[in-house]
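Asks: Starting off with a structure, shown below.
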Amino acid sequence: MRPHLLEMEAFGPYAEPVTICFDTLCRDGLFLIHGSTGSGKTYLLDALCFALYGEVSGERSLKGLRSDHAPPQALPQVSLEFSAAGGRWRVERQAACEVPKSRGQGTTSKGAKAGLWRLLGGEPQPVAAGVQEVGREVARLVGLDAAQFRQVILLPQGRFAEVLRARDEDREALLKTLFDTSLYERAMGWLAGQAKAAEEELRERQRQQRHLLEQIAAAWEPWQREGQSSEKPPGEAPEEASPDLPSELLPEHLPTVQGAMEALQQQAALHLDRAEARFLQAQAGLAELRSRAELWDRRQRAQARLQELAQQQEPMVALQARLALAERAETVRASMLSEADARQRREEAETRCRQRLERLRRQRDAADQAPDAVMALGLLELPEPARLTTALNALAVRQGELEQVLALAERRRGARREEERARQELQEANGRIARGQELLAQEQSRLDGLQQPLLQARSARDGLTGLELAARQAARISTALQQQEEAVRQLQQATAAVLAAEAAQHQARTHQLDLRERQLQGMAARLAADLQEGEPCPVCGSRQHPQPAPVAADAVADAALAAAEHQLEETGRALVAARATQAGLQAQLEALADQLPEGPLPSLQAAQAEAARAVAELEGARRLAGALDGLEAERQQAEHRVQQFQQRLRQREEETIGCRQVLAEKQKGLADLNQRITAGLGGDHDPATLLLQIQGLMQALETLIEAAQQRALALSLETEAQRRLAGDLARAGFNDPQALVQALAPEAERLAWSRTLQQHAADRALAQGVLAELAGQELPELRPDLQAAETGLASADAARRDALARFTRAETAVTAITGLIQRHGTGAAELAEQQRQADLVQGVAARCLGQSDPHISLQRWVLSAYLEEICGYANHRLSQMTAGRYELRLSDASGQRRGSKAGLGLRVLDAYTGEEREVSSLSGGETFQASLALALGVADTVQAHSGGVVLEALFIDEGFGSLDPDSLHLAMDELDRLREGGRMIGLISHVAALRERIRTGLEVVASERGSRVVVGTLEAT
């Protein structure tokens, strides 16, 4: 980071605008800022820090930055142009303040504002806006946050010595602001959590083991009491007594418990076998008695059944006689059913005759005309067949006559349609004449309307050349302006692409430097990976390697570093390509500017509107000129169509005369047909209706004749069925049909009677067979007693079930206790391994938390490494400034202080005495030298660990007055060496000797109206 131009107004003691060009001041690389005490020298550094980060050094508040000397409406503003991350930038900030209201009394608050722009030679490109966003972007560009910036680039008055003089706790807080050790702090927290979790898991595993012992004791306790107090059945050997164990079961008692439970299970199995044998014996005896009792019961049932069947003999004889009578009646059932069917059919035929006679009478009464033979029929009763046939023939004759009349009526309908068609054709001919006259008038009007468009088209054709020239000129201007606007937009995109490529290159460079630093930090682990037992160490030469450095989890491989370097090269090529694109677009803009005419140019919208208007006017003229030939042709066609319409109109008038003659002929034929139809109908009747009525009468008469024939046939069949039924009744022995009906029985009832008789005979035979079978069994007179045998079986079964239940409980208890003992054994092994892991985790955590030797926490050990690196850089410069007398060293406070606060002490080695002493023993000048060297060492270390950040500026505020001339000379020599690499060095001091050595700088002059700055060559005092 390198500042170029600082501007401020109404800031601190500076009421008027102040501009400081650092490029002019630092031509020699070193400049001096001096002035009277309280004039505002330090405010210049505050303005620099405020412009970048919105913060100030020292103890000043952001609310008091507005100058009390400035006008009431003036706002405190600071801007800074600086270089960083390969580009030049401008940052502007306005501090929050109170200003008078524009209206009324009182003040109003003005909020803080900030903006960041990139300077690319032309218009500044905005990058960020807003206080927070600008702060984040500046920190990214510079590579340092505000605290690091104040410690590395700005060394505020009285603050740069705080690293040397601070207590260990304060030095730790300061180092934390400079170096991010949050990873190690989180690691310490994680290790503490892991240690606590391991301890809790260990306690939980111990509790589980105790719980398993309690479960085993609970499962064993009932069997121990049962083994000591249970009574055994007579005749059985006593069980082995359960071992006496203490009330609290211990792991060494578990084999004894398992052995005792297995012995109890074996005894329970022996008792179960004995009870099972006694049960089977009692069960066999009871089965034998039940078999004898079953035979005795069968004999008793057979004897009782024979007595019951003997009592049913008389009803069975009566049932046999009834079944025989029903079977004789069944032989006459078919004749009886045939006679009933014939009678029913005769009755149905008579009913149909009456219905059809009534239908014929209704249709004859409803008919408009009927033949005389039909009207002469008497339809109150069935007429003779001959008269019915005569009436049917008369209806057939009348049907033929009506069919002829119906054909004439059809011809009349056709004649009417033809007459109507001729009438319509006449009307259409008249309509065509009217439309022809209308079309003729329209075409004549169209011919008259073509005159004006013809005149306009001829005029447009004559002005085409001038309009084409104007349209081409307007289009060229519009296209050039549009291309210029597109080129400007593309240039903005290319500029953004250049910014993005520069940011990507910076990020890739940061990543590559971080990987390189981490690889160097892990070099000890890489060397340790190649160590062989008995082989000398390439670093210390020892053949013993008690604690080789472990490989870190984030160790950087060569491939990862190579990939990062390749990515850095890729981003560099991308940046070159983006800048080439940007240059090409700038050249394109210059070429487009040459294409535009001189003088004021219209806007793109106005040029596009003018081009569109010229094109529209040209297109309109072209359309009119292009339509000229068409209009001429259309005029000729219109004249031709007028002649055609006049000719067609004369033809339509001739067609109308022919249509009138055809209509007269059709009307004459229609009148002749009407006369013939009226004569055939004998009146004004509808021939179709009369024909339907005659056809209905014919159908009704035909169905009546058919019904009369069916009635005669049914009467003949009924007589034959009555004769056959009388013969069958006599042969079956029945006097009349009523006796037959009484003797008949349904088939299901007859089958039931037959089955009852058969079952009675079968039951009698079965009972007699059972008695014959049991005659040789020598059964007792009394039934065998089963109660005593069943009681014995129940007792044996209860004993068997008790033995089975005891064996099952013993088996379950043995399985449960064995499983618990196995789980306890497995848990004991896991507990030992868990104890070992917990000891390991707790040991590592205690070491990293500073709770064990050497009692230094991991985070403080890392900070100590940073401090050691700072001392290395500082001692190089302190040796130059003190002629090799003093050297800063870290103090080994582990033996004096223990805990996380040890390991960050500083002492100074005096080469004159060879002794280390406290830094507080240094004189004022020596303290300044050591503090300056240490502050510069901090800057070097931060730069080395900030991803390749280039620190091109350093500002030191006061402290040189405490040095004697020789020490001042040595300190200035060291600052001269700092500026040799192009670094800008700015000093704030009252020391006159500095004005003799530093001839360039600025002077801050205080007055009643505020301070002002004078830049130039300084006068030696």
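The values are calculated or read from the model by the stated rules, or taken from the named source; none is laboratory data. Just so we're clear, the structure is a prediction, and the values are computed from it rather than from any experiment. Here the Cβ positions follow ideal geometry from the backbone for every residue, glycine too, while neighbour counts run over all protein chains shown.
Asks: Hey, any hits in region 704-711 for a residue that's without any contact (Cβ under 8 Å) to a residue 12 or more places away in the chain, of a type in the set (Lys, Arg) and part of a helix (DSSP H, G or I)?
Replies: no
Asks: While we're looking at this one, here's another question. For residue 377, indicate whether it is modelled with pLDDT of 80 or more, more than 60 Å from the chain's Cα centre (by Cα) and not in a helix (DSSP H, G or I). Even if it seems obvious, please write down each step before you answer.
Replies: Details: modelled with pLDDT of 80 or more: yes; more than 60 Å from the chain's Cα centre (by Cα): yes; not in a helix (DSSP H, G or I): yes.
Answer is yes for this residue.
Asks: In region 720-731, what residues are without any contact (Cβ under 8 Å) to a residue 60 or more places away in the chain and under 12 Å from residue 341 (Cα atoms)?
Replies: If the condition is that a residue be without any contact (Cβ under 8 Å) to a residue 60 or more places away in the chain and under 12 Å from residue 341 (Cα atoms), then no residue fits.
Asks: Quick one: how many residues across region 447-456 are surrounded by 14 or more Cβ atoms within 10 Å (Cβ to Cβ) and modelled with pLDDT of 80 or more?
Replies: Here the count works out to 1.
Asks: Across region 281-340, what is the number of residues that are under 30 Å from residue 774 (Cβ atoms) and assigned to a helix (DSSP H, G or I)?
Replies: Applying the first criterion (under 30 Å from residue 774 (Cβ atoms)) to region 281-340 yields 281-316.
Still in the list and also assigned to a helix (DSSP H, G or I): 281-311, 313-316.
Number satisfying all stated conditions: 35.
Asks: Can you give me the number of residues within region 1-21 that are under 22 Å from residue 135 (Cβ atoms) and outside any strand (DSSP E or B)?
Replies: Step one: list which residues in region 1-21 are under 22 Å from residue 135 (Cβ atoms), which gives 1-12.
This time we only want the ones that are outside any strand (DSSP E or B), so: 1, 10, 12.
Here the count works out to 3.
Asks: From the set of residues in region 891-914 that are modelled with pLDDT under 85 and among the aliphatic types (A, V, I, L, M), which is surrounded by the most Cβ atoms within 10 Å (Cβ to Cβ)?
Replies: Step by step, filter region 891-914, then rank; the result is 904.
Asks: Pull out all pairs, ordered by first then second residue, where Cβ-Cβ is under 8 Å, the residues are six or more apart or on different chains, the first lies in region 307-330 and is touching a residue at least 12 places away in the same chain (Cβ under 8 Å), and the second is among the hydroxyl-bearing types (Ser, Thr, Tyr).
Replies: Taking only residues 6 or more apart or on different chains, the pairs are 316/756; 319/756; 323/754.
Asks: OK, next. Output the residue which, of all residues in region 681-739 that are under 23 Å from residue 360 (Cβ atoms) and of a type in the set (Ser, Thr, Tyr), is surrounded by the most Cβ atoms within 10 Å (Cβ to Cβ).
Replies: So, considering only residues that are under 23 Å from residue 360 (Cβ atoms) and of a type in the set (Ser, Thr, Tyr), the one surrounded by the most Cβ atoms within 10 Å (Cβ to Cβ) is 703.
Asks: I need the full set of residues from region 941-973 which are under 60 Å from the mean Cα position of the chain (by Cα), more than 22 Å from residue 86 (Cβ to Cβ) and modelled with pLDDT under 80, in order please.
Replies: From region 941-973, those under 60 Å from the mean Cα position of the chain (by Cα) are 941-957; that's our starting set.
Remaining after also requiring more than 22 Å from residue 86 (Cβ to Cβ): 941, 955-957.
957 - this is the single residue of region 941-973 that is under 60 Å from the mean Cα position of the chain (by Cα), more than 22 Å from residue 86 (Cβ to Cβ) and modelled with pLDDT under 80.
Asks: Is there a residue being at negative phi, assigned to a helix (DSSP H, G or I), small (Gly, Ala, Ser) and touching a helix residue (DSSP H, G or I) at 6+ places or on another chain (Cβ under 7 Å) anywhere in region 447-461? Please lay out each step first, then the result.
Replies: Going through region 447-461, the residues at negative phi turn out to be 447-461.
In the following step, the residues that additionally are assigned to a helix (DSSP H, G or I) were identified as 447-449, 451-461.
Then drop every residue that is not small (Gly, Ala, Ser), which leaves 449, 457, 459-460.
Cutting the leftovers down to touching a helix residue (DSSP H, G or I) at 6+ places or on another chain (Cβ under 7 Å) gives us 457, 460.
Scanning region 447-461, I find at least one residue that is at negative phi, assigned to a helix (DSSP H, G or I), small (Gly, Ala, Ser) and touching a helix residue (DSSP H, G or I) at 6+ places or on another chain (Cβ under 7 Å), so the answer is yes.
Asks: Next question. Would it be correct to say that residue 931 is at pLDDT 80 or above and surrounded by fewer than 19 Cβ atoms within 10 Å (Cβ to Cβ)? Steps first, answer last, please.
Replies: Working: at pLDDT 80 or above: yes; surrounded by fewer than 19 Cβ atoms within 10 Å (Cβ to Cβ): no.
When the stated conditions are applied, residue 931 does not pass them.
Asks: Would you call residue 779 touching a Phe, Trp or Tyr at 6+ places or on another chain (Cβ under 6 Å) and either surrounded by 14 or more Cβ atoms within 10 Å (Cβ to Cβ) or more than 30 Å from residue 343 (Cβ to Cβ) (or both)? Walk me through how you get there before you give the answer.
Replies: On the way: touching a Phe, Trp or Tyr at 6+ places or on another chain (Cβ under 6 Å): yes; either surrounded by 14 or more Cβ atoms within 10 Å (Cβ to Cβ) or more than 30 Å from residue 343 (Cβ to Cβ) (or both): yes.
Spelling it out, residue 779 is indeed touching a Phe, Trp or Tyr at 6+ places or on another chain (Cβ under 6 Å) and either surrounded by 14 or more Cβ atoms within 10 Å (Cβ to Cβ) or more than 30 Å from residue 343 (Cβ to Cβ) (or both).
Asks: Give 51, 15, 10 a once-over and let me know the one that is in the same structural domain as residue 143 (by TED's automatic domain parsing), closer than 21 Å to residue 142 by Cβ and of a type in the set (Gly, Ala, Ser).
Replies: Details: 15 fails: closer than 21 Å to residue 142 by Cβ; 10 fails: closer than 21 Å to residue 142 by Cβ.
Answer to the selection: 51.
Asks: Among the listed residues 84, 95, 70, identify the single one that is crowded, with 16+ Cβ neighbours inside 10 Å, over 53 Å from the mean Cα position of the chain (by Cα) and either assigned by TED's automatic domain parsing to the domain that holds residue 993 or not aliphatic (A, V, I, L, M) (or both).
Replies: Working: 84 fails: over 53 Å from the mean Cα position of the chain (by Cα); 95 fails: over 53 Å from the mean Cα position of the chain (by Cα).
From the options 84, 95, 70, the qualifying one is 70.
Asks: Going through 293, 287 one at a time, which residue ends up being in contact with a Lys or Arg (Cβ under 7 Å, 6 or more places away or on another chain) and farther than 30 Å from residue 712 by Cα?
Replies: Only one candidate qualifies: 293.
Asks: Test each condition in (1) more than 60 Å from the chain's Cα centre (by Cα); (2) modelled with pLDDT under 80; (3) over 30 Å from residue 668 (Cβ atoms) for residue 401 and report the one that comes out false.
Replies: Exception for residue 401: condition (3).
Asks: Only one of 465, 510 is assigned to a helix (DSSP H, G or I), surrounded by fewer than 20 Cβ atoms within 10 Å (Cβ to Cβ) and either on the phi > 0 side of the Ramachandran plot or within 38 Å of the chain's Cα centre (by Cα) (or both); which? Working first, answer last.
Replies: On the way: 465 fails: either on the phi > 0 side of the Ramachandran plot or within 38 Å of the chain's Cα centre (by Cα) (or both).
Residue meeting the stated conditions: 510.
Asks: Could you please find all residues in region 34-52 being part of a strand (DSSP E or B) and surrounded by 22 or more Cβ atoms within 10 Å (Cβ to Cβ)? Give the derivation first.
Replies: Narrowing region 34-52 to residues part of a strand (DSSP E or B): 34-35.
If the condition is that a residue be part of a strand (DSSP E or B) and surrounded by 22 or more Cβ atoms within 10 Å (Cβ to Cβ), then no residue fits.
Asks: Look through region 858-886, keep the residues that are surrounded by 20 or more Cβ atoms within 10 Å (Cβ to Cβ) and not in a helix (DSSP H, G or I), and return whichever of them is modelled with the highest pLDDT.
Replies: 886
Asks: Moving on to the next point. Scan region 96-132 for residues that are outside any strand (DSSP E or B) and under 30 Å from residue 496 (Cβ atoms) and jot them down. Show your work before the answer.
Replies: Looking only at region 96-132, we keep the residues that are outside any strand (DSSP E or B), and these are 96, 101-106, 111-112, 120-124, 130-132.
Within region 96-132, 111, 112, 120, 121, 122, 123, 124, 130, 131, 132 meet the criteria.
Asks: Please work out which residue is modelled with the highest pLDDT, limiting yourself to region 979-1011 and to residues that are outside any loop (DSSP other than H, G, I, E, B), surrounded by fewer than 19 Cβ atoms within 10 Å (Cβ to Cβ) and not hydroxyl-bearing (Ser, Thr, Tyr). Break it down stepwise before answering.
Replies: Filtering region 979-1011 for residues outside any loop (DSSP other than H, G, I, E, B) gives 979, 984-988, 992-997, 1000-1005.
Adding the requirement that they be surrounded by fewer than 19 Cβ atoms within 10 Å (Cβ to Cβ) leaves 979, 992-993, 995-997, 1000, 1005.
So of that shortlist, the ones also not hydroxyl-bearing (Ser, Thr, Tyr) come out as 979, 992-993, 995-997, 1005.
Working: 979: 74, 992: 73, 993: 73, 995: 76, 996: 74, 997: 78, 1005: 90.
Result: 1005.
Asks: Still on this structure, I have one more. From 783, 836, which residue is part of a helix (DSSP H, G or I) and either aromatic (Phe, Trp, Tyr) or at negative phi (or both)?
Replies: So the residue among 783, 836 that is part of a helix (DSSP H, G or I) and either aromatic (Phe, Trp, Tyr) or at negative phi (or both) is 836.
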